[in-house]
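The values are calculated or read from the model by the stated rules, or taken from the named source; none is laboratory data. If you're wondering where the values come from, they're calculated on a predicted model, not measured in any experiment. Note that each Cβ is placed from the backbone with ideal geometry, even for glycine, and that neighbours are counted across all protein chains shown.
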Amino acid sequence: MNPLSFGKLEKKYPQTPQAYYDLIKQALFEVQDLRYAIEYESDGMETAMGFIGQLESHLQNMANAMKEGCYQFGNEDLPFMGIAKKNHLQALPFRVLLQDINHVHKNGLDTRDD
């Protein structure tokens, strides 16, 4: 392989249920961080105020299902994807994280070897 050739960079997705759970918990942390930002500086955050509770509820339900061992992957978008698709990065700075969680939900854990 040519040392200057970088090839195609592939995104890594969780390979284990624990890693997927950790991704969901990271999203919950980001929601809490956004909630604090809204409380501290509400100017320009009206959009986020409208969806933060619903988003947190969806993610918490997912985390609980993972913890209880009853989470089911599926073929449809997760309920919060409507929120993620409607909002730009300024209102939802961790939108890519939500898209990654949705990708794993729809496609399963990454079983490729490193």
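Counting residues in region 15-25 that are surrounded by 15 or more Cβ atoms within 10 Å (Cβ to Cβ), modelled with pLDDT under 95 and either in a loop (DSSP other than H, G, I, E, B) or not small (Gly, Ala, Ser) (or both) gives one or more. Taking every residue in region 92-109 that is outside any loop (DSSP other than H, G, I, E, B) and modelled with pLDDT of 95 or more and pairing it with any residue that is of a type in the set (D, E, K, R) and exposed (fewer than 14 other Cβ atoms within 10 Å of the Cβ), at least 6 positions away or on another chain, the pairs with Cβ-Cβ distances below 8 Å are Asp100/Lys11; Lys106/Glu76.
Given the criteria among the aliphatic types (A, V, I, L, M), in contact with a Lys or Arg (Cβ under 6 Å, 6 or more places away or on another chain) and in contact (Cβ under 8 Å) with a residue 12 or more places away in the chain, does Ala84 qualify? Here the answer is yes, as Ala84 does meet what is asked. Count of region 70-85 residues, restricted to those that are small (Gly, Ala, Ser) and under 15 Å from Leu109 (Cα atoms), is 1. Scanning region 26-65 for residues that are more than 18 Å from Arg95 (Cβ to Cβ), surrounded by 13 or more Cβ atoms within 10 Å (Cβ to Cβ) and charged (D, E, K, R) returns no hits.
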